[in-house]
Amino acid sequence: MVRDIEKCEQKKNRKKNTKSGETKMLARVLRAESFSAAARLNSRRQIHGRVAKKGTKSLPSLSPGTSFEGEELKLKSGFHYLKSLDDAIDLFDEMVRSRPLYSAIDFNKVIGVFVRMELPDVAISLYQKMEMRRIPLDIYSFNILIKCFCDCHNLSFALSTFGKITKLGFQPDIVTFNTLLHGLCLEDRISEAVALFDHMVETGCQPNVVTFTTLMNGLSREGRVLEAVALFDRMVETGCRPDVITFNTLMNGLCLEGRVLETVALVNKMVEKGLHPDVVTYNTIVNGMCKMGDTVSALNLLKKMEQNHIKANVVTYSAIIDRLCKDGHHCDAQNLFSEMHDKGIVPDVFTYNCMIDGYCSFGRWSHAQRLLRDMIERKINPDVVTFNALISASVKEGKFIEAGKLWDEMHHRGIYPNTVTYNSMIDGFCKHDRLDDAKRMFDLMANKDCSPNIVSFNTLIEGYCRAKRVDDGMQLFHEMSRRGLVADTITYNTLIHGFCQLGNLGSAQDLFQEMISQGVCPGTITCNILLYGFCENAKLEEALELFEVIQKSKIDLDTVTYSIIIHGMCKGGKVDEAWDLFCSLPIDGVEPDVQTYNIMISGFCGKSAISEANALFQKMKDNGHVPDDCTYNTLIRGCLRAGEIATSAELISEMRSNGFCRDANTMKMVVNMVSAGKLDKSLLDMLS
């Protein structure tokens with residue numbers, strides 16, 4: 001009995017101990033699970049925080065309806081279906097804690113999901129976490145890491161990772177080189193990309209079609225098309241077969257330089273190599289033709305696309321419509337726009353913007369408004385470019401109420417005005433002499449964190465100078481410097497012209513000297529403004545001194561320059577010197593225009609040298625220059641003063657037959673002469 005009791009007690013103790021052990025084990029498991037859950041939550045928070053901080057565009061787990069629709073991965077532990085960013089984070093954390101460790105291949109698969117989610121910075125942080133835990137990486141891991149650094153525009157880290165590969169005993173492969181090459185080209189570091197390409201060849205890694213195409217694209221974008229063509233030839237020589245993308249890349253480079261005929265020849269080369277041009281090929285050539293203004297060839301190519309059963313898309317039509325609108329062929333653009341609808345090709349916001357801007361540029365405001373209504377009805381959201389075109393057109397016509405409504409509509413749609421919007425409003429106010437409103441808009445611009453640019457300042461300065469408020473213009477000029485903006489030729493030209501209009505030639509000259517000292521090169525227009533200012537303010541000697549300096553400089557002199565000086569000489573009584581300068585124009589490679597002839601004829605008439613004036617008039621016609629109303633009226637008055645009534649009558653008759661009429665000065669002279677009995681009334685009747 002005692003033994004039985006002892007056995008029973010022992011059995012009970014064993015059960016108790018077993019139960020106690022199980023309880024302790026369960027506690028450890030629960031603690032581990034609790035820790036694991038906490039770790040997962042912490043990882044999630046860190047990555048979500050990183051995503052929010054970086055402002056990443058794609059947030060698969062944060063916003064439903066993104067491009068990530070779930071993905072199934074096959075790892076050594078089996079299949080895993082990831083529905084969201086959080087699932088990917090949890091799986092990675094589980095893999096990091098797992099023993100034995102998952103392979104680098106499995107880690108690459110999981111991190112690849114983050115890359116496809118367009119979260120390169122998160123992918124980088126996960127690889128860094130692996131390195132901290134001494135989890136081995138392979139060449140594919142480093143390739144992904146380099147791509148992520150390139151996507152984050154952090155080339156220095158991409159390059160250091162490339163260097164790290166060889167130090168760890170790995171051999172860079174074609175993907176490594178192509179990834180880094182692409183990153184360098186994206187950052188416009190083309191010379192370094194070329195050096196990497198050469199290094200790649202030296203190490204025995206053969207470039208493939210992706211390598212050649214990537215570098216050709218980079219060279220073309222930098223305007224190094226000759227090198228791109230040479231690289232294409234080298235590609236063919238090495239036996240690497242170009243694909244359609246290669247040809248399209250080279251064609252785009254050629255089109256950017258206006259070498260459209262060569263792109264057409266490349267299409268034939270494509271066909272010879274058994275490749276079929278696609279819609280991108282044709283779009284590239286169509287765009288190139290349109291940029292050159294050759295819409296006829298572009299439309300013919302559009303027909304050829306249809307014959308070759310290649311369906312044109314919205315890009316094709318938009319390129320041609322844009323050019324037609326820029327050239328003012330709105331009916332043709334509208335017909336093509338309608339053709340798009342008939343063929344089931346839906347216009348996008350760019351297409352509508354081309355049409356709207358075209359109508360606005362040519363003052364067809366109602367047509368532009370109708371198109372805006374049409375695009376809204378079709379659920380195509382207008383953007384800031386749409387509103388900029390409409391606002392610019394409305395303020396130019398003085399329709400500020402309409403502009404205000406458009407401004408409000410922009411804000412209602414969550415579209416914020418940009419620098420172009422503000423500049424359009426400032427320009428409109430200035431052109432309609434509403435300078436205070438223009439200044440308020442200028443100040444509002446700065447307050448809305450939309451910094452005024454050089455155009456903003458130049459527009460308002462021009463408005464002030466036109467209103468003879470040059471001091472206000474100078475205040476803005478000084479404010480530019482305080483804001484770190486550098487005045488350009490337009491700024492100086494506007495202010496110099498403003499001072500000349502006020503007769504303040506001293507300040508104009510000071511500004512001219514400051515312009516040179518600041519390294520802003522005066523152009524022909526600058527010199528013409530200053531020369532005209534001197535001549536109009538009876539400072540002929542100063543004008544001639546400046547003219548002599550300009551002649552010795554590298555500044556090109558145009559017909560306007562010579563006309564200003566000839567006019568100044570004639571006004572200053574130096575008609576003979578003016579005639580000498582006029583005669584020297586062909587020697588200096590300058591062709592006199594109608595205005596130059598008019599000035600010289602006026603100079604002769606003022607000197608009562610009517611025979612010389614009539615001879616120059618005849619020479620003008622012989623040289624193919626058609627006299628205008630100013631020519632006829634100047635010469636008629638000169639002949640009347642000289643008493644050559646018959647010649648005056650002939651000139652009046654010729655003027656009328658050529659569709660010109662008398663001006664106020666001619667009419668006044670004839671009326672006075674008739675009243676004084678110096679002229680027959682029949683001449684007055686001829687003018688009426």
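The values are calculated or read from the model by the stated rules, or taken from the named source; none is laboratory data. The model shown is predicted, which means the values in this text are computed figures rather than measured ones. With ideal geometry, Cβ positions are generated from the backbone for all residues, glycine too; neighbour counts draw on all protein chains shown.
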Give the residues of region 77-99 that are surrounded by fewer than 16 Cβ atoms within 10 Å (Cβ to Cβ) and assigned to a helix (DSSP H, G or I), sorted by residue number.
R97
Run down L159, L85 and say which single residue is at pLDDT 90 or above and among the aliphatic types (A, V, I, L, M).
L159
Exactly one of these conditions fails for P382: (1) buried (at least 21 other Cβ atoms within 10 Å of the Cβ); (2) in a helix (DSSP H, G or I). Give me its number.
(2)
Search region 261-281 for residues that are at positive phi and modelled with pLDDT of 90 or more and pair each with any residue that is surrounded by 16 or more Cβ atoms within 10 Å (Cβ to Cβ) and polar (S, T, N, Q) when their beta-carbon atoms are under 9 Å apart and the residues are at least 6 apart or on different chains.
none
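Residue-wise test of (1) within 21 Å of the chain's Cα centre (by Cα); (2) of a type in the set (F, W, Y).
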position: E397; (1), (2): no, no
position: A403; (1), (2): no, no
position: L406; (1), (2): no, no
position: I415; (1), (2): yes, no
position: F442; (1), (2): no, yes
position: I454; (1), (2): yes, no
position: K468; (1), (2): no, no
Within region 100-134, how many residues turn out to be assigned to a helix (DSSP H, G or I) and either within 16 Å of E72 (Cβ to Cβ) or not small (G, A, S) (or both)?
23
Select the helices (runs of 4 or more DSSP H) contained entirely in region 169-234, then report the ones holding at least 2 residues which are over 32 Å from the mean Cα position of the chain (by Cα) and either of a type outside the set (F, W, Y) or farther than 16 Å from A158 by Cα (or both).
174-186, 190-202
Any chance region 283-295 includes a residue that's modelled with pLDDT under 95, assigned to a helix (DSSP H, G or I), of a type in the set (S, T, Y) and surrounded by fewer than 21 Cβ atoms within 10 Å (Cβ to Cβ)?
no
Which of the residues that make up region 110-139 are surrounded by fewer than 19 Cβ atoms within 10 Å (Cβ to Cβ) and free of Cβ contacts under 8 Å to residues at least 40 places away in the same chain?
G112, V115, Q128, K129, E131, M132, R133, R134, I135, P136, D138, I139
Would you mind finding the one in M655, M620, M667, M673 that is at negative phi, surrounded by fewer than 16 Cβ atoms within 10 Å (Cβ to Cβ) and either assigned to a helix (DSSP H, G or I) or modelled with pLDDT under 90 (or both)?
M667
Residue check: is F157 within 42 Å of the chain's Cα centre (by Cα), closer than 21 Å to C185 by Cα, of a type in the set (F, W, Y) and buried (at least 22 other Cβ atoms within 10 Å of the Cβ)?
no
Given (1) touching a helix residue (DSSP H, G or I) at 6+ places or on another chain (Cβ under 8 Å); (2) within 30 Å of I401 (Cα to Cα), C527 misses just (2)
Expected output for region 233-246 (first residue touching a residue at least 40 places away in the same chain (Cβ under 8 Å), partner surrounded by 14 or more Cβ atoms within 10 Å (Cβ to Cβ) and in a loop (DSSP other than H, G, I, E, B), Cβ below 9 Å, 6+ apart or cross-chain) is none
Answer yes or no: is there a residue in region 166-175 that is surrounded by fewer than 18 Cβ atoms within 10 Å (Cβ to Cβ), closer than 20 Å to L119 by Cα and of a type in the set (S, T, Y).
no
Would you pick out the residues in region 81-102 that are under 20 Å from D138 (Cβ atoms) and either touching a Cys at 6+ places or on another chain (Cβ under 7 Å) or without any contact (Cβ under 8 Å) to a residue 24 or more places away in the chain (or both)?
L91, M95, S98, R99, P100
Looking at region 297-310 only, could you name the residues that are assigned to a loop (DSSP other than H, G, I, E, B) and surrounded by 12 or more Cβ atoms within 10 Å (Cβ to Cβ)?
I310
Determine if region 584-597 includes at least one residue that is over 42 Å from the mean Cα position of the chain (by Cα) and touching a residue at least 24 places away in the same chain (Cβ under 8 Å).
no
Selection from region 314-340 of residues in a helix (DSSP H, G or I), surrounded by fewer than 20 Cβ atoms within 10 Å (Cβ to Cβ) and touching a Gly at 6+ places or on another chain (Cβ under 9 Å) yields K326, H330
For region 241-265, enumerate the residues that are surrounded by 18 or more Cβ atoms within 10 Å (Cβ to Cβ) and more than 28 Å from the chain's Cα centre (by Cα).
P242
Does region 441-456 include one or more residues that are of a type in the set (S, T, Y), surrounded by fewer than 19 Cβ atoms within 10 Å (Cβ to Cβ) and free of Cβ contacts under 8 Å to residues at least 12 places away in the same chain?
no
All but one of (1) of a type outside the set (S, T, Y); (2) more than 23 Å from I401 (Cα to Cα); (3) not in a helix (DSSP H, G or I) hold for G363, so report the exception by its number.
(2)
Right, F107: modelled with pLDDT under 90, surrounded by 14 or more Cβ atoms within 10 Å (Cβ to Cβ), over 28 Å from the mean Cα position of the chain (by Cα) and more than 25 Å from P242 (Cα to Cα) or not?
yes
